[in-house]
Amino acid sequence: MRTVIAFTGASGAAVGVEFLKRCPGEKFVVFSRWGKAVLFQETGLTPDDLAPHCAGVFSGDDFNAPFASGSTPFDQYVIIPCSVTTLSRIAMGLGENLVARVAEVALKENRRMLLALRESPLSAVALENALKLARLGVTIMPLSPAFYLKPGTIEESVEKFVDHMLATLALPTAPGWRADRL
Ligand SMILES: Cc1cc2nc3c(=O)[nH]c(=O)nc-3n(C[C@H](O)[C@H](O)[C@H](O)COP(=O)(O)O)c2cc1C
């Protein structure tokens, strides 16, 4: 299983880091320019700090990266956190940075894609873009806490959101809500 994980300039970089650590298989990371900036602002981490958790890190302006081409196989593409700007680029087919180009590739090659979208409130433009992509089979997963799981800390809330992401991608994860009743 090969996963490409992108960080954009939306809030919630810590969730992306947790997902990167827990997603099984071979992983590659792509950063937009503001993805790097927000990662540092919110977690104090740089892309180099994430390198031990993946097989490679690529910059958003690197169109020589293997995943810029559909001939490089990958199983799934996860953008976490995903800004509404990146959502718009993808919906409009503007592969003007590597994050959006990999999405273009995922769409044309019919590969699984999940966008952990983070913005609030959402404009009609963002909602229309999300709907357009959802209709094309893209999973739109708003980055929001699962209060029903009663997280006690921010770390727990992050952990539980990542549990849900893994379940959504059909990857091994925690048993889920009211598993005692299964
Ligand atoms: C600290 C910080 C937090 C941000 N949070 C969000 C957010 O939650 N959602 C969003 O869509 N944009 C957010 N932005 C704005 C994006 O970074 C900006 O629109 C950027 O152009 C997105 O480009 P990218 O998608 O290529 O990374 C934030 C910016 C900063 C500096």
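FYI, it's all coordinate maths here, none of it is from the lab. Just so we're clear, the structure is a prediction, and the values are computed from it rather than from any experiment. Every residue, glycine among them, receives a Cβ derived from its backbone with ideal geometry; neighbour counts consider all protein chains shown.
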**Request:** Look at the stretch 73-88 and say how many of its residues are more than 8 Å from the ligand (Cβ to nearest atom), part of a strand (DSSP E or B) and within 12 Å of LEU117 (Cα to Cα).
**Result:** 3
**Prompt:** Which number in (1) at positive phi; (2) buried (at least 22 other Cβ atoms within 10 Å of the Cβ) marks the one condition that PRO81 misses?
**Reply:** (1)
**Asked** Which is buried (at least 16 other Cβ atoms within 10 Å of the Cβ) and small (Gly, Ala, Ser), of SER144, SER123, SER157?
**Response** SER157
**Item:** Matching residues in the stretch 45-65 - criterion: being more than 17 Å from PHE19 (Cβ to Cβ) and not aromatic (Phe, Trp, Tyr)
**Value:** THR46, ASP48, SER59, GLY60, ASP61, ASP62, ASN64, ALA65
**Request:** For the stretch 41-60, state whether one or more residues are in contact (Cβ under 8 Å) with a residue 60 or more places away in the chain, buried (at least 16 other Cβ atoms within 10 Å of the Cβ) and either charged (D, E, K, R) or within 17 Å of LYS27 (Cβ to Cβ) (or both).
**Result:** no
**Prompt:** Is the stretch 123-139 home to any residue that is hydroxyl-bearing (Ser, Thr, Tyr) and away from the ligand (no atom under 14 Å from the Cβ)?
**Reply:** yes
**Message:** Every residue in the stretch 108-132 that is touching a strand residue (DSSP E or B) at 6+ places or on another chain (Cβ under 7 Å) and either charged (D, E, K, R) or more than 21 Å from SER11 (Cα to Cα) (or both), please.
**Reply:** ARG111, ARG112, ARG118
**Fill in**
Out of (1) closer than 20 Å to LYS27 by Cβ; (2) part of a helix (DSSP H, G or I); (3) not basic (Lys, Arg), the one ALA91 does not meet is (1)
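Can you pull out the residues in the stretch 3-25 that are under 21 Å from THR85 (Cα atoms) and polar (S, T, N, Q)? It would help to see each step written out before you state the result.
Our first condition is that a residue be under 21 Å from THR85 (Cα atoms); within the stretch 3-25, this holds for 4-17.
Answer for the stretch 3-25, where residues must be under 21 Å from THR85 (Cα atoms) and polar (S, T, N, Q): THR8, SER11.
Just wondering, is there one or more residues in the stretch 61-68 that are within 13 Å of the ligand (Cβ to nearest atom), touching a residue at least 12 places away in the same chain (Cβ under 8 Å), aromatic (Phe, Trp, Tyr) and assigned to a helix (DSSP H, G or I)?
Narrowing the stretch 61-68 to residues within 13 Å of the ligand (Cβ to nearest atom): 61.
This time we only want the ones that are touching a residue at least 12 places away in the same chain (Cβ under 8 Å), so: 61.
From the residues that got through so far, the ones that are aromatic (Phe, Trp, Tyr) too are none.
Checked the stretch 61-68: no residue is within 13 Å of the ligand (Cβ to nearest atom), touching a residue at least 12 places away in the same chain (Cβ under 8 Å), aromatic (Phe, Trp, Tyr) and assigned to a helix (DSSP H, G or I).
If you check ILE5 against the conditions, is it buried (at least 16 other Cβ atoms within 10 Å of the Cβ), out of contact with any Gly (no Cβ under 6 Å at 6 or more places or on another chain), β-branched (Val, Ile, Thr) and free of Cβ contacts under 8 Å to residues at least 60 places away in the same chain? So that I can check it myself, show each step before the final result.
On the way: buried (at least 16 other Cβ atoms within 10 Å of the Cβ): yes; out of contact with any Gly (no Cβ under 6 Å at 6 or more places or on another chain): yes; β-branched (Val, Ile, Thr): yes; free of Cβ contacts under 8 Å to residues at least 60 places away in the same chain: no.
Taking the combined requirement at face value, the residue does not satisfy it.
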**Message:** Among the residues in the stretch 22-32, are any surrounded by 23 or more Cβ atoms within 10 Å (Cβ to Cβ) and not in a strand (DSSP E or B)?
**Reply:** yes
**Message:** As an exercise: evaluate SER120 against (1) within 12 Å of the ligand (Cβ to nearest atom); (2) in contact with a helix residue (DSSP H, G or I) (Cβ under 9 Å, 6 or more places away or on another chain) and give the number of the one condition it does not meet.
**Reply:** (2)
